[in-house]
1. Per residue, how much accessible area does segment 1-124 have with a 1.4 Å probe, in Å²?
2. Return the sequence-ordered ³J(HN,Hα) values of segment 57-71 in whole Hz as given by the Karplus equation 6.51 cos²θ - 1.76 cosθ + 1.60 applied to θ = phi - 60°, using x for Gly and Pro.
3. Relative to the present Cα-Cα distance, how much length would full extension add between Phe48 and Asn102 at 0.36 nm per residue of separation?
4. Spelling out what I want: for every residue of segment 19-32, take phi, set θ = phi - 60°, compute 6.51 cos²θ - 1.76 cosθ + 1.60 (Karplus), and round to whole Hz; glycine and proline get x.
5. Whenever you get a sec, compute what percent of the accessible area on segment 9-62 sits on carbon and sulfur atoms (1.4 Å probe).
6. Looking at the calculated P(r) for the chain, what percent of the C-alpha pair distances fall above 20 Å?
7. Taking the Cα centre of the chain as origin, work out the dipole magnitude from +1 charges on Lys and Arg Cβ and -1 charges on Asp and Glu Cβ, in debye rounded to 20.
Amino acid sequence: MADQRETIHELRQRVDQFVAERHWHTFHTPKNLAMALAIEAAELMEHFQWLEPEESRAVAHDPLKRAAAAEELADVICYALAMANELGIDVADAVRAKMIKNAQKYPADEFRGRWGAGDSRPTSD
């Protein structure tokens, strides 16, 4: 898998090169990138709208549906990387910090098998 070979830095460079070659940096303001990211996320959601949970998981086993979802996911990731480029955010540091914050907010022993504080199910072992 390419995920094991290509770094976040390389992907950021690829996105930046694409944008630079088209002279699009002037359009890649944080506001515009946030809006584009939200639009692409909505397009990804369309592939799963109205599906039951198991139907949504089955997308992974349907080559055409999986490819369509992958294309939309790639758009989301490209805009997220463009946002990181524009704002000078280190993606690895941001994800690492967010996961530490999430681990504190949602301790595994308290939230295992539950979606959140409003979920009254007992924790699973």
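The values are calculated or read from the model by the stated rules, or taken from the named source; none is laboratory data. Keep in mind the model is a prediction, meaning the values are calculated, not measured. No Cβ is skipped: glycine too gets one built from the backbone with ideal geometry, and neighbour counts run over all protein chains shown. Keep in mind that these areas ignore ligands, DNA and RNA; they rest on the heavy atoms of the full protein, side chains included. Shrake-Rupley method; radii C 1.70, N 1.55, O 1.52, S 1.80 Å.
1. On the way: 9610 Å² over 124 residues.
Counting only protein heavy atoms, the per-residue value for segment 1-124 is 78 Å².
2. For segment 57-71, the Karplus curve yields 5, 5, 4, 4, 9, 10, x, 5, 5, 5, 5, 5, 5, 4, 5 Hz.
3. On the way: separation 54, 0.36 × 54 = 19.44 nm, distance 2.56 nm.
Gain on extension, Phe48 to Asn102, equals 16.9 nm.
4. Once rounded to whole Hz, the list reads 5, 4, 4, 9, 6, 9, 4, 4, 8, 8, 7, x, 4, 5.
5. Values: 2570 of 4230 Å².
Ligands and nucleic acids excluded, carbon and sulfur reach 61 percent.
6. Working: 4768 of 7750 pairs.
For the chain, the fraction of Cα-Cα distances above 20 Å is 62 percent.
7. Details: 15 positive and 22 negative charges, 80 e Å.
So the magnitude is around 380 debye.
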